[in-house]
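Every read-out reported here was derived from the displayed coordinates using simple, explicitly stated rules and does not represent laboratory data. Treat the numbers as computed from the prediction; the structure is a model and nothing was measured. Every residue, glycine among them, receives a Cβ derived from its backbone with ideal geometry; neighbour counts consider all protein chains shown.
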2 protein chains.
Amino acid sequence: MSQWKQIQQLEMRLLEQVDYLYDDNFPMDIRQVLAGWIESQDWDSAVNDESMASVMFTNLQTQLEKVRLQEQNFLQRHNMKIIQQQLQERLTEAETRISHLKDTSELLQAADGREVSGSMLCGNCFQDLELQ
Amino acid sequence: MSQWKQIQQLEMRLLEQVDYLYDDNFPMDIRQVLAGWIESQDWDSAVNDESMASVMFTNLQTQLEKVRLQEQNFLQRHNMKIIQQQLQERLTEAETRISHLKDTSELLQAADGREVSGSMLCGNCFQDLELQ
């Protein structure tokens, strides 16, 4: 029996704690439909390994797509599509944020020892930045 | 048989059109769990009657709460809670936007015939507005 099935047999008081762990950032539907796959993955290693995390995210999407294509129920298939879209949007947002952080870091390195214009202080106007 | 059940018996080509009508602004779960109730309401009248729309929204929330309390499945109960929270958040956002629009309208009326400071042009600084 998957851990997820065991969890659902807990008493209400404990179930409420599980309930609070899931919001729309990681829908509980994913935990349920991919219970076996999720529990067989090495998430501890992925936490500190960006390339491994990236591969696992791609695998997660592949698994979700497989479930969606096999789903006969119209509502469940629709919800799976929405969940996949939202996951992809969040990944894109996260990648954009990471990219901005990297830009900032590279700019600071490039500016090392040189005078930097005041626009360096503006988080959203990297394009206007002029190293002097 | 509810219209919603009839819809789900349509051919795939037409079902895809239905699929595109629903996003997370109005989850398809609501359409399904409240199919009978939704189809018995006078939505056409509510479109042009703000107080009627408000009452119907409250009734919708009451119906959803009833469904959630009766739901035995842990995942479905959890999803219903998330849906109710998101609906409430969107209502609050919409009310805030309407309130801002009303503020703007009242400010323009108050300023009628008088000189208004430049901050009138700033959409987010009504508190700083000084009629001169």
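Just a few scattered comments:
- Exam field: A:Y20 pseudo-label spacings to other copies (7 Å along Cα-Cβ), nanometres: 4.3
- Separation between Cα centres of segment A:1-20 and segment A:22-78, rounded to whole Å: 19 Å
- Label-to-label distance, nm, for residues given as A:S2 and A:R90 (7 Å Cα→Cβ offset): 1.7 nm
- Hits among lysines - C-alpha to C-alpha of B:K5 under 25 Å, sequence gap 8 or more where chains match: A:K81, B:K66, B:K81
- In this assembly of identical copies, the label point of A:Q6 (Cα plus 7 Å along Cα-to-Cβ) is separated from its counterparts by 4.9 nm, sorted shortest first.
- Local charge for B:S2 was computed over the other residues whose Cβ lies under 12 Å away, with Lys and Arg +1 and Asp and Glu -1, and equals +1.
- With the label put 7 angstrom out from Cα along the Cα-to-Cβ vector, B:V55 ends up 6.2 nm from the copy partners, going from closest to farthest.
- Farthest towards the positive end of the charge dipole of segment B:3-99, among the residues B:S45, B:N25, B:Q9, is the Cα of B:Q9, using unit charges on the Cβ of Lys, Arg, Asp and Glu.
- Percentage relative contact order, segment A:3-128, counting C-alpha pairs under 8 Å, at least six apart: 15 percent
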